[in-house]
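Undergrad: Sharing a structure below in structure tokens format, with a few things to ask.
The values are calculated or read from the model by the stated rules, or taken from the named source; none is laboratory data. For clarity, every value in this text was computed on a predicted model and none was experimentally measured. For neighbour counting, all protein chains shown are included, and Cβ atoms are generated from backbone atoms with ideal geometry for every residue, glycine included.
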Amino acid sequence: MQPKRALPMPPVLLWFRRDLRLIDNPALAAAMAQGQPILPVYVSDALDAGGAGRWWLHHSLVSLEADIRLRGGRLLVRAGDPAEIIPELVTSTGASAVYFGHRYEPAAIRQEQALARSIGSAVDLVGRHGQVLRHPDSVRTQGGSVYKVFTPYYRRATAIGEPALPDTATGEAEFETAAIEAIPIDDLGLLPRGPDWSSGLQRTWEPGENGALKRLDAAVEQLGAYARQRDYPSADKTSRLSPHLHFGELSARQVWHAVKAAALRPGDEVSAEMLLRQLYWRDFSMYLLYHFPTLPSRPLRPEFEHFRWIEDPDALAAWQAGRTGYPIVDAGMRQLWETGWMHNRVRMIVASFLVKHLLIPWQRGADWFLDTLVDADLANNSASWQWVAGSGTDAAPYFRIFNPIAQGKKFDPDGDYVRRYVPELAGIPKQLIHEPWLADTTTQRTAGIVIGEDYPQPLVDHAKARQRALDTYGQARDLLKSGT
């Protein structure tokens, strides 16, 4: 492809990473300030992993490419190691600088360091911060140490002041094109190969900046219902902004200011505060990963180095497939497989079931979520799994074990959520929908189901599993006290 016109001066490269947007993109703003032609680049690398996430990434890149073409440019897509490809592009384009958005995951930090070494001092390498509300080094205790508990972190982070207003001028950016070899997005191989399991994702989501802005508008519009109904999975009143934030189709401060503005409406104040707190939990998760890089693999509490987890591949497979015999758990796991997402309350229930009822290592659950969630964020996922397991810095008490029957009755009282995702239980009356094994033969026959054949018996007995978990957690605590 030939350039549409000769570039009047050396260009700069804009390296898109986890910031697939034009509005409020700090790296783009810095590039625009130079007044030079901007060549947008995306390099697909091993950091973009997970089946559901790859599906989302494909469509987000397609959307970004279309937006860039509307503004006169072309997205230069490559695959491989940015530390090799970016310097090659600098040489072939004659670029005088490379602009990019910082990331804080350990592998992403190493990636930036490798690029800095390989590119040398020949061109300027300019990073800007825009992934979270607060840079992980900007929130410290009075003594200068790292916070390990969310609430004090939240107080300090909010006391610093409001995030800066979003920079909307970047949405008017213009781009250039150049006769540089690139590959089609389709050639990145991000979409499913073989059987296409993504139809449910396609029905549920609209990846890309335009879809993100629509989703933000919808979340703000229904904000009043968030506080009242966010824990009820059949109501679908959560914001569903997480995948758009994960891929940077929205900035955290765009969401913060939109929600803060909505808080001025009568009746929306409580919901707004709850949602803003969730944004800071996202920040805190990244903060923990930044300061404790082993967060995805090792427990933060030392007693859990001695925890007696059980490796049970059959039980893990039943949990993954939504075949545990506990309807609220199975509905959540099937929603995950069908849509690439799971309701927040149900995430806690299914995670608690895996690590406490089954005593399967939390890392197995975290790995499954990373592969199947469209919002599979390494920091948030790891911090949340450690919170449920009790092994994180801001851990739930070890004796907090969600009862899946009680949770189902409380948050899905009519069984609508279960019936949506576990249709074989549709005919079970609501009094038994969360304990279908109690249905007598006549009730089962009327419902057109045989428990134990069409739907499994419970994988474990709740009371026995709870006691086993308490005993095992107690042993880990005693080992720490004894120093063994």
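Undergrad: Tell me which residues, restricted to segment 306-359, are more than 22 Å from the chain's Cα centre (by Cα) and more than 26 Å from LEU438 (Cβ to Cβ).
TA: HIS306, PHE307, ARG308, TRP309, ILE310, GLU311, PRO313
Undergrad: Quick check: anything in segment 368-389 in a loop (DSSP other than H, G, I, E, B) and at positive phi?
TA: So far as segment 368-389 goes, no, none of its residues is in a loop (DSSP other than H, G, I, E, B) and at positive phi.
Undergrad: Now for a separate question. Looking for something at pLDDT 95 or above and assigned to a helix (DSSP H, G or I) - is there at least one such residue anywhere in segment 236-243?
TA: Among the residues of segment 236-243, at least one is at pLDDT 95 or above and assigned to a helix (DSSP H, G or I), which makes the answer yes.
Undergrad: Taking the condition within 30 Å of PHE16 (Cβ to Cβ), acidic (Asp, Glu) and out of contact with any strand residue (DSSP E or B) (no Cβ under 8 Å at 6 or more places or on another chain), does GLU273 pass?
TA: no
Undergrad: Looking at (1) farther than 20 Å from ASP312 by Cα; (2) assigned to a helix (DSSP H, G or I); (3) free of Cβ contacts under 8 Å to residues at least 60 places away in the same chain; (4) among the aromatic types (Phe, Trp, Tyr), which one does PHE402 not meet, given that it meets all the others?
TA: For PHE402, the failing item is (2).
Undergrad: Among the residues that make up segment 83-93, is at least one of them of a type in the set (Val, Ile, Thr) and within 26 Å of the chain's Cα centre (by Cα)?
TA: Within segment 83-93, not a single residue is of a type in the set (Val, Ile, Thr) and within 26 Å of the chain's Cα centre (by Cα).
Undergrad: Just one of LEU125, LEU75, LEU115 is assigned by TED's automatic domain parsing to the domain that holds LEU47, modelled with pLDDT of 95 or more and closer than 27 Å to SER242 by Cα; which is it?
TA: Every option except LEU75 fails the conditions.
Undergrad: Being among the aliphatic types (A, V, I, L, M), free of Cβ contacts under 8 Å to residues at least 60 places away in the same chain and closer than 25 Å to ASP412 by Cα is the requirement here; does ALA439 meet it?
TA: Yes.
Undergrad: Show the residue pairs that are 6+ apart or on different chains and have beta-carbon atoms under 6 Å apart, the first residue being within segment 465-484 and over 12 Å from VAL355 (Cβ atoms), the second being modelled with pLDDT of 75 or more.
TA: If the second residue must be modelled with pLDDT of 75 or more, the pairs left are ARG466/ILE401; ALA476/GLU303; ALA476/HIS306; ALA476/PHE307; ARG477/GLU303; LEU479/HIS306; LEU480/GLU303.
Undergrad: For segment 94-117, give me each residue that is part of a helix (DSSP H, G or I) and within 22 Å of the chain's Cα centre (by Cα).
TA: If the condition is that a residue be part of a helix (DSSP H, G or I) and within 22 Å of the chain's Cα centre (by Cα), then PRO106, ALA107, ALA108, ILE109, ARG110, GLN111, GLU112 are the ones that fit.
Undergrad: Tell me yes or no: at least one residue of segment 469-481 is among the hydroxyl-bearing types (Ser, Thr, Tyr), within 30 Å of ARG308 (Cβ to Cβ), at pLDDT below 95 and surrounded by 19 or more Cβ atoms within 10 Å (Cβ to Cβ).
TA: Checking segment 469-481: at least one residue is among the hydroxyl-bearing types (Ser, Thr, Tyr), within 30 Å of ARG308 (Cβ to Cβ), at pLDDT below 95 and surrounded by 19 or more Cβ atoms within 10 Å (Cβ to Cβ).
Undergrad: In addition: Which condition from (1) in the same structural domain as PHE369 (by TED's automatic domain parsing); (2) out of contact with any Pro (no Cβ under 8 Å at 6 or more places or on another chain) is the one that GLU311 breaks?
TA: For GLU311, the exception is condition (2).
Undergrad: Then there is this: In segment 220-245, how many are surrounded by 21 or more Cβ atoms within 10 Å (Cβ to Cβ) and under 17 Å from THR204 (Cα atoms)?
TA: 8
Undergrad: Quick one: in segment 155-181, which of the residues that are assigned to a helix (DSSP H, G or I) and polar (S, T, N, Q) is nearest to the chain's Cα centre (by Cα)?
TA: THR158
Undergrad: Related question: Sort out which residues of segment 182-193 are in a loop (DSSP other than H, G, I, E, B) and within 24 Å of the chain's Cα centre (by Cα), and write them in order of number.
TA: Across segment 182-193, the qualifying residues are GLY189, LEU190, LEU191, PRO192, ARG193.
Undergrad: Out of segment 174-213, which residues are farther than 18 Å from ARG71 by Cα, crowded, with 20+ Cβ neighbours inside 10 Å and in contact with an Asp or Glu (Cβ under 6 Å, 6 or more places away or on another chain)?
TA: Answer for segment 174-213, where residues must be farther than 18 Å from ARG71 by Cα, crowded, with 20+ Cβ neighbours inside 10 Å and in contact with an Asp or Glu (Cβ under 6 Å, 6 or more places away or on another chain): just ALA212.
Undergrad: Between a residue in segment 93-120 that is under 19 Å from TYR290 (Cα atoms) and any residue that is among the hydroxyl-bearing types (Ser, Thr, Tyr), which pairs come within a Cβ distance under 8 Å, given they are 6 or more apart or on different chains?
TA: Final answer for the pair search is TYR104/TYR290.
Undergrad: Looking at segment 95-113 only, could you name the residues that are more than 24 Å from ILE180 (Cβ to Cβ) and among the polar types (S, T, N, Q)?
TA: Within segment 95-113, GLN113 is the sole residue that qualifies.
Undergrad: Within segment 53-74, identify whether any single residue is in contact with a strand residue (DSSP E or B) (Cβ under 7 Å, 6 or more places away or on another chain) and not aliphatic (A, V, I, L, M), and answer yes or no.
TA: Yes, the conditions are met somewhere in segment 53-74.
Undergrad: Name the residue that is nearest to THR158 (Cα to Cα), counting only residues in segment 282-323 that are in contact (Cβ under 8 Å) with a residue 60 or more places away in the chain and of a type in the set (S, T, N, Q).
TA: SER285
Undergrad: Separate question: Scanning segment 133-154 for residues that are of a type in the set (A, V, I, L, M) and under 21 Å from the mean Cα position of the chain (by Cα), which turns out surrounded by the most Cβ atoms within 10 Å (Cβ to Cβ)?
TA: LEU133
Undergrad: Considering LEU295, LEU300, LEU289, which residue is buried (at least 22 other Cβ atoms within 10 Å of the Cβ) and under 22 Å from ARG477 (Cβ atoms)?
TA: Exactly one of LEU295, LEU300, LEU289 is buried (at least 22 other Cβ atoms within 10 Å of the Cβ) and under 22 Å from ARG477 (Cβ atoms), namely LEU295.
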